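The values are calculated or read from the model by the stated rules, or taken from the named source; none is laboratory data. Given the structure is predicted, the values throughout are model-derived calculations rather than measurements. FYI the Cβ positions are ideal-geometry reconstructions off the backbone, even for glycines, and counts take in every protein chain you see.
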Amino acid sequence: MPVLSYQVYVVELSKRVFTENFKFRAANPQFNGVLECLYVGMSSKPPQERLKQHKTGYRNEKGHKLSANIVQKYGRYLRPSLYDHINSQRMNRQEALIAEEKLAWDLRRAGYAVWFN
């Protein structure tokens, strides 16, 4: 069985998420409204395919929802300029989880409002 390779991706969210979603707002007290609202995730799927899964409310064969509600409702488009540099090397699941969290915190420190799991 081949080893899966994972990628990190960033989706720009509508700024409505900041005003309409209490949890998102509470997670981003540093946000001043200048930069964008973002979702950072990781997947074994290509980022374009993963975004499509989020937007369509994708469920797997067992019926489990694999899409994030926040991206399904507020997701706009991918922001490859924020993640391409991370995906230049193959990552296993654990490495991708670490890279996802690091990128999310780096973007928050830069002034973005960020949601990640």
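Against the definition (in a loop (DSSP other than H, G, I, E, B), out of contact with any strand residue (DSSP E or B) (no Cβ under 9 Å at 6 or more places or on another chain), at pLDDT 95 or above and over 13 Å from GLN7 (Cα atoms)), how does GLY111 come out, yes or no?
The answer is yes for GLY111.
Looking only at the stretch 33-92, how many residues end up being touching a Phe, Trp or Tyr at 6+ places or on another chain (Cβ under 9 Å) and of a type in the set (Asp, Glu)?
Within the stretch 33-92, residues that are touching a Phe, Trp or Tyr at 6+ places or on another chain (Cβ under 9 Å) and of a type in the set (Asp, Glu) number 1.
Take the residues in the stretch 67-106 that are in contact with a strand residue (DSSP E or B) (Cβ under 6 Å, 6 or more places away or on another chain) and basic (Lys, Arg), then tell me which one is nearest to LYS52 (Cα to Cα).
Only one residue fits best here, namely ARG76.
Which residue pairs have Cβ atoms under 6 Å apart, sit 6 or more places apart or on different chains, and have a first residue in the stretch 29-43 that is at negative phi and a second that is aromatic (Phe, Trp, Tyr) and surrounded by fewer than 22 Cβ atoms within 10 Å (Cβ to Cβ)?
Pairs that qualify, where the first residue is at negative phi and the partner is aromatic (Phe, Trp, Tyr) and surrounded by fewer than 22 Cβ atoms within 10 Å (Cβ to Cβ), are CYS37/PHE18; VAL40/PHE116; MET42/TYR6.
Taking the stretch 83-97, which residues are farther than 13 Å from VAL10 by Cα and among the acidic types (Asp, Glu)?
Answer for the stretch 83-97, where residues must be farther than 13 Å from VAL10 by Cα and among the acidic types (Asp, Glu): just GLU95.
I need every pair where a residue in the stretch 1-26 that is more than 26 Å from ASN87 (Cα to Cα) has its Cβ under 8 Å from the Cβ of a residue that is modelled with pLDDT of 95 or more and among the basic types (Lys, Arg), sequence separation at least 6 or different chains.
From residues that are more than 26 Å from ASN87 (Cα to Cα), the pairs are VAL17/LYS73; PHE18/ARG25; THR19/ARG25.
How many of the residues making up the stretch 13-64 are over 19 Å from GLU101 (Cα atoms) and of a type in the set (Lys, Arg)?
Of the residues in that region, 6 qualify.
In the stretch 98-117, what residues are of a type in the set (D, E, K, R) and under 14 Å from GLY41 (Cβ atoms)?
Within the stretch 98-117, GLU100, GLU101, LYS102 qualify.
Can you give me the number of residues within the stretch 14-28 that are closer than 13 Å to GLY75 by Cα and of a type in the set (D, E, K, R)?
So the count comes out to 2.
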